[in-house]
Amino acid sequence: MVNNIERQARKRAVLSTTINRYILEANPISSEELAEHFDLSSATIRNIFSELEDEGYLTHLYTSGGRVPTEKGYRYYVDSLLLQMQLMDEDKRSIMREYEKEINRMEDVLEETSKLIEQTTHYTGIVSFLEWQDKMFYKGLNRILEQPEFRDTGKMRLLIKAVEDKQRLLEIVNRDFSDEARVYIGSELNCPEMENCSLVVSSYRRKKKLQGRVAVLGPVRMEYRRIIPTLEYISDVLSEALGNLD
């Protein structure tokens with residue numbers, strides 16, 4: 001007999017595994033897949049799915065189809081991950097090498113950072129600078145458009161329009177400005193054109209003064225486990241690099 005503590009732990013594990021697999025596969029996750037993973041019956045997994053769906057963490061696209069995460073599911077997933085995520089040393093070294101290049105102008109450093117974010121995360125990299133009210137750097141919009149969620153041309157056009165409206169995008173990126181890394185999931189962006197996107201944002205400094213934001217824009221089905229620590233590390237290294245500029 002499974003007690004309530006074990007039951008809740010198993011339910012959290014099923015939710016986490018479902019979200020991890022959906023992020024990687026972009027296909028609804030079936031009870032049969034997880035039954036094999038957890039060495040449980042499909043009926044047991046379906047019961048857990050049903051509970052998670054009733055609680056708003058999962059949903060299904062078709063009556064007989066597998067489950068996909070909801071925004072509430074992603075939010076729980078991200079919040080539970082925040083204290084567990086670490087960047088691999090190899091990834092840190094790769095990022096650090098980019099800042100060892102000889103770049104002396106702040107504008108060039110910020111532009112290179114947007115490229116680095118895109119290349120490292122495989123999503124859109126964004127860098128804002130508070131003193132430039134209408135200027136920002138972003139690279140890799142095509143990275144989002146390659147995702148399965150944006151095969152619909154209508155969604156694609158709306159997203160392109162939203163990203164190209166730089167003033168609006170700046171307002172979103174610079175919202176709630178602080179040192180704390182933030183994750184906005186879907187409707188939390190308050191931008192209908194980006195309802196299928198998530199935005200991970202971190203701040204950078206120059207000589208201890210907050211200067212701007214670095215951000216990653218990608219699908220809601222984003223690899224948060226990798227993206228969040230990557231962006232936080234980039235913001236730290238960028239702050240150090242800017243402190244060394246004349």
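All told, GLU33 falls short of being among the charged types (D, E, K, R), closer than 19 Å to GLY186 by Cα and touching a helix residue (DSSP H, G or I) at 6+ places or on another chain (Cβ under 9 Å). What residue, among those in segment 148-181 that are surrounded by 11 or more Cβ atoms within 10 Å (Cβ to Cβ) and acidic (Asp, Glu), is modelled with the highest pLDDT? The qualifying residue modelled with the highest pLDDT is GLU171. Any residue at all in segment 155-163 that is within 30 Å of MET96 (Cβ to Cβ), in a helix (DSSP H, G or I), assigned by TED's automatic domain parsing to the domain that holds ARG97 and over 18 Å from the mean Cα position of the chain (by Cα)? No, segment 155-163 contains no residue that is within 30 Å of MET96 (Cβ to Cβ), in a helix (DSSP H, G or I), assigned by TED's automatic domain parsing to the domain that holds ARG97 and over 18 Å from the mean Cα position of the chain (by Cα). Scanning segment 140-154 for residues that are farther than 17 Å from SER114 by Cα and within 17 Å of the chain's Cα centre (by Cα) returns LEU145, GLU146, GLN147, PRO148, GLU149, PHE150. Contact map, segment 38-59: first residue closer than 14 Å to GLU71 by Cβ, second residue of a type in the set (Phe, Trp, Tyr), Cβ cut-off under 8 Å, separation 6 or more or different chains; pairs are TYR57/TYR76; LEU58/PHE49. Listed conditions (1) at pLDDT below 90; (2) touching a strand residue (DSSP E or B) at 6+ places or on another chain (Cβ under 7 Å); (3) under 16 Å from VAL216 (Cα atoms); (4) of a type outside the set (Lys, Arg) are all met by LEU145, apart from (2). For segment 188-210, the criterion of a residue being touching a Ser or Thr at 6+ places or on another chain (Cβ under 8 Å), under 19 Å from ASP79 (Cα atoms) and outside any helix (DSSP H, G or I) is satisfied by at least one position. Among residues belonging to segment 46-64 that are within 27 Å of the chain's Cα centre (by Cα) and over 24 Å from ASP79 (Cβ atoms), point out the one that is modelled with the highest pLDDT. For segment 46-64, the residue satisfying everything is LEU61.
Against the list (1) of a type outside the set (Gly, Ala, Ser); (2) under 21 Å from LYS155 (Cβ atoms); (3) over 13 Å from the mean Cα position of the chain (by Cα), the condition ARG213 fails is (2). Among the conditions (1) over 19 Å from TYR123 (Cβ atoms); (2) of a type in the set (Ser, Thr, Tyr); (3) surrounded by 16 or more Cβ atoms within 10 Å (Cβ to Cβ), the only one that SER203 does not satisfy is (1).
The values are calculated or read from the model by the stated rules, or taken from the named source; none is laboratory data. Given the structure is predicted, the values throughout are model-derived calculations rather than measurements. In this analysis, Cβ positions are derived from the backbone assuming ideal geometry, glycine residues included, and neighbour counts consider all displayed protein chains.
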